[in-house]
Structures are given as C-alpha cells and as structure tokens.
C-alpha cells in the first residue's frame, strides 16, 4: 500500500467516525481543494461547553452563525501545534467571519497563563478561542470528536492532529490534516458558503 493510499484510508476512517451518530462518507478533494476532505452528509458538530482563555464558557453553540475551525492543540507542543495555530491565525486575518475553537489535549499543563502566552507568542487574534478543562471535562469532548490524547514523557502529548471546518449552521463540512493552510480554509469557505 502506498503512503498516499494509507493516508487516505486513515482520513476515511476518521471521517466515518467524526460527529454525532451519523456516519460520513468522504468526497475526494476537488481540484480547488488541496488538503480538505468534504464530509458527506454534513452532521452537527458535537456539543460541549468549556472555559476559554478569558474564562468564558464557550462551545459550538456560541460559534453558530460563523464559519469556524475546531482544532486539538496543547501549548507546550514542540512541533505541529504551533504550525497549526499559526496557519489558522493567518486564516483568521484573511476571513473576518471565521473563528477558531481550539480544544486542549493537555489538561495538566494547559493553564490559563500558558494558553494566554501561547496566543500572544503566536500573535493569534481574539477570534481564536482556546478552551481548557480537567481531564474529566475534556475526555468526553475528545471522545465525541474521536480524538486520542496520551501524555508521554514531559512535555510531549501524543494526540490526533486534524481540524474540522464547521459551517454557520454548526455542521461539520471539511476534514483537514495537520498542515492546513489559510488558502485551503478560504477556498473551502468560498466553495461551500
């Protein structure tokens, strides 16, 4: 099996498990889509409410009416999380109606202070909301989104690294890999909006 076929198989498995009880099928990327896989049928993103960097209770309900991206990150990540956050920050600056809802995968170390420092260090705008909580609060959210998060040797956390584009009606529309670009999100919002 080629690496590309293997990646597609992994993405298909993720897509069929994302969201509520309904299973998705995946539409291969159109010529205008480089990284995203359109999820069909679109289903409502799982509900939750957690505290963000400003201690506000926030979740998918508060994002309704806007396009937003759900991402799973941690503030002490040495590699992929900063790249995802930076790319989504560029998308936020290009698309005024876009929001980001980042969900912690490191309840022990993602403190309010570390989250604020992460947002500041990566120059992320206020529309980038980063929710945290205890393991007991976060684990059900991870389960609803089918995210694995396993603490490893300090400070590493092995976790699922994908992003979901959610439409203004709260439905999961596109699944991205960890290398999502602002241009991918802009193209998909334009094509699906």
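Every read-out reported here was derived from the displayed coordinates using simple, explicitly stated rules and does not represent laboratory data. If you're wondering where the values come from, they're calculated on a predicted model, not measured in any experiment. Neighbour counts run over all protein chains shown; Cβ positions are idealised from the backbone, glycine included.
Arranged from highest to lowest average of other beta-carbon atoms within 10 Å per residue, in what order do the peptides 36-45, 143-152, 60-69 appear? It would help to have the intermediate numbers written out before the result.
Details: 36-45: 19.4, 143-152: 14.8, 60-69: 17.7.
Averaged packing, sorted descending, gives the order 36-45, 60-69, 143-152.
Relative contact order of the range 100-193: what whole-number percent is it, with Cα pairs under 8 angstrom and at least 6 residues apart?
21
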